[in-house]
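All of the numbers you see were taken from the coordinates with simple rules; none came from a lab. These figures come from a predicted structure and were not determined experimentally. Quick reminder, even Gly has a Cβ in these numbers, built from the backbone with ideal geometry, and neighbours come from all protein chains shown.
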């Protein structure tokens, strides 16, 4: 036994030892947070047992009864193991719950009769001093590696995790199959996490049972140094963080193993899109984000077909489809569908005729329904986001939806915050959840693995009422819409609230996402319980909705009047120069020059010096003041929220790749007037020959664009 590392913990919030077990839970349930080569882990079964005693002749049997919880195939996000290749045979297991029972029996007897050293390692030094045998928590889990083309194929591995809460230890026992197909402990890779409390101090340590036999595959079984450094430091940080996430763990509603394999396949299949991306947006972010969203939807729909016992692939419409890549991938994978967006993108022409993309606006009304479509998608759909559950509900009783909210919109205009106890993002998600419930959907929430801060998706798969109650339910939707129009800023509880039936349906939806709520019609008046499809309201559903304009307005401060920009730049520069800071440096011609480089101010301090009219105009632009200052790169440097005057003597000393130097000299050298030459009290810090900007009109050169315009007939 070797201790790989030990770290002391500062616990000002008094969260230990509870915080230690919260940190262990993260490593158990979401190991990919620490080990980036893992896709995740799946808990197969949980149970409880007693620590075997060395003096007993036979290891005690695991306690029977309610302490054991096996995951059945119908639980959300936990597909049946038979449906997931790579998890190993269940021959000899008889179900994961029964396997945990028999597995612990075999392990206990082996520890007592054949491996007392391992029993001592598992028990810890405190066992002999305890009058009672400690109770253990047992967890059988499957660790799932990422599917990577440049990694050797690694199959998912099973582990038996033994938690001894009394003694503050958790031991990880890797499992492998013997010649007869039974699971046995792989002794070479056993390790343990321990929490100690000594003389008023807390410590976490990592121990390995047999370091000389440790086998590292670099993925599921990392190197011992990684356990003692990387994992230990993360556990120490998590243990004292008194913070609970507002969101679910990622991919809680789909099979993690299936996701890992399909994501890698689709990433390889569509990775060439990055090379030919014609838009100005970051190709890697958008391509791989849409690949991840498509992967999630394909698995969600695959599992839905299994649940419903059908083979026909679901149809879809993507409202606000943007670049259309998500539509392209889903269509290529066999799902009939189309995308609609108010503005055509250049990349649309690259997809081919099999990808149906339409240019047009959506105004929520009885004319914008999709009665023959299975799923509506809202991927960063902005002003349409809260409307998608309404459109889905009124399109047909069987229409479902998937939303990935980003910008915060109400039914008409921007969403207004109603409370400060939550983050704005969490409050907006709760609002969209409320919309879905008010429209009669069981609502589900999940967190995607995409390169975005807004990655929580909301799903409406089933209804809280019977088809016969459609007329009554649509009246409730109409009332809800009108209540939002009349009191958009009413605090929770004062406006429209879902009925008790809907609230019960929401709870039921979280507990069993695959079961439709079938008691919704019990409280409906007889004259409203009419069989039929969705009955939409006529005409516009509420007035005031404005779809976005076809021509997207530039809001990066570039379209602001030139006089306004020059005025703000000069005012901010003078504020910085007033904090006089003389600096004598050698110029490129080796002459010494005293030059005022000014002080620094925070963005908040700068904003406080600007007049309200200027600030109001800047607020209408994306990024506001900071964007304007960054755009004026020649004058300012913005670092960590503070603004400085840019010193071009330092800029020219920075190493740049040769191709960057050639590009600068060829394209932009002397094509703009030097701001410092014109406005700085000490002039430019560089001599004219070295400054990349023109010192006077006589030095100005035409830009490449201007030359082409002059040469054009």
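Under 11 Å from a point 7 Å along the Cα-to-Cβ line of residue 212: which residues of the stretch 189-205 have their amide N that close?
none
Between residue 135 and residue 155, what is the FRET efficiency for a Förster distance of 45 Å, r being their Cβ-Cβ separation, to the nearest 0.05?
Working: r = 33 Å, r/R0 = 0.73.
Once the sixth-power term is evaluated, E becomes 0.85.
What is the extension gain from residue 308 to residue 672, computed as 0.36 nm multiplied by their sequence separation minus the C-alpha to C-alpha distance, in nm to one decimal?
Details: separation 364, 0.36 × 364 = 131.04 nm, distance 6.57 nm.
Residue separation times 0.36 nm, minus the Cα-Cα distance, leaves 124.5 nm.
Between residue 565 and residue 418, what is the spin-label point distance in nm, taking each point 7 Å from the Cα along the Cα→C-beta axis?
Those two pseudo-labels are separated by 4.2 nm.
Using per-residue counts of other Cβ atoms within 10 Å, averaged over each peptide, order 626-636, 162-172 from highest down. Numbers along the way, then the final one.
Details: 626-636: 17.9, 162-172: 20.5.
So the peptides 626-636, 162-172, ranked by packing, come out 162-172, 626-636.
Express the relative contact order of the stretch 388-478 as a whole percentage, based on alpha carbon pairs under 8 Å and six or more residues apart in sequence.
Values: 105 pairs, mean separation 30.8, N = 91.
For the stretch 388-478, the relative contact order is 34 percent.
Kindly state, to the nearest 0.05, the FRET efficiency for residue 644 paired with residue 179, given R0 = 56 Å and r defined as their beta-carbon distance.
Working: r = 70 Å, r/R0 = 1.25.
E(calc), rounded to 0.05, equals 0.20.
List the relative contact order of the stretch 273-406 as a percent without decimals, with contacts defined as Cα pairs under 8 Å and 6+ residues apart. Write down the numbers at each step before the final one.
Details: 211 pairs, mean separation 27.7, N = 134.
Over the stretch 273-406, the number comes to 21 percent.
Can you give the FRET efficiency to the nearest 0.05 for residue 703 and residue 165, using r as the Cβ-Cβ distance and R₀ = 51 Å?
Working: r = 70 Å, r/R0 = 1.38.
The pair residue 703/residue 165 has a calculated efficiency of 0.15.
Highest first, please rank the peptides 358-365, 261-268 by the mean number of other Cβ atoms sitting within 10 Å of their residues.
Numbers: 358-365: 16.0, 261-268: 17.9.
By packing density, highest mean first, the sequence is 261-268, 358-365.
Each label point is 7 Å from the Cα along the Cα-to-Cβ direction; what then is the distance between the points at residue 633 and residue 249, in nm?
4.3
Residue 359 versus residue 187, label points 7 Å from Cα toward the beta carbon: distance in nm?
Inter-label distance under the simple model: 7.3 nm.
In nm, what is the difference between 0.36 nm times the number of residues separating residue 315 and residue 425 and their Cα-Cα distance?
On the way: separation 110, 0.36 × 110 = 39.60 nm, distance 2.99 nm.
Between residue 315 and residue 425, full extension yields an extra 36.6 nm.
Arranged from highest to lowest average of other beta-carbon atoms within 10 Å per residue, in what order do the peptides 459-465, 559-565 appear? Write out the running numbers ahead of the final one.
Numbers: 459-465: 24.6, 559-565: 11.4.
With the highest mean Cβ count within 10 Å placed first, the list reads 459-465, 559-565.
What is the gain in length, in nm to one decimal, between residue 114 and residue 196 on full extension, counting 0.36 nm per residue of separation less the C-alpha to C-alpha distance? Each step should come with its number before you reach the end.
Working: separation 82, 0.36 × 82 = 29.52 nm, distance 2.88 nm.
Residue separation times 0.36 nm, minus the Cα-Cα distance, leaves 26.6 nm.
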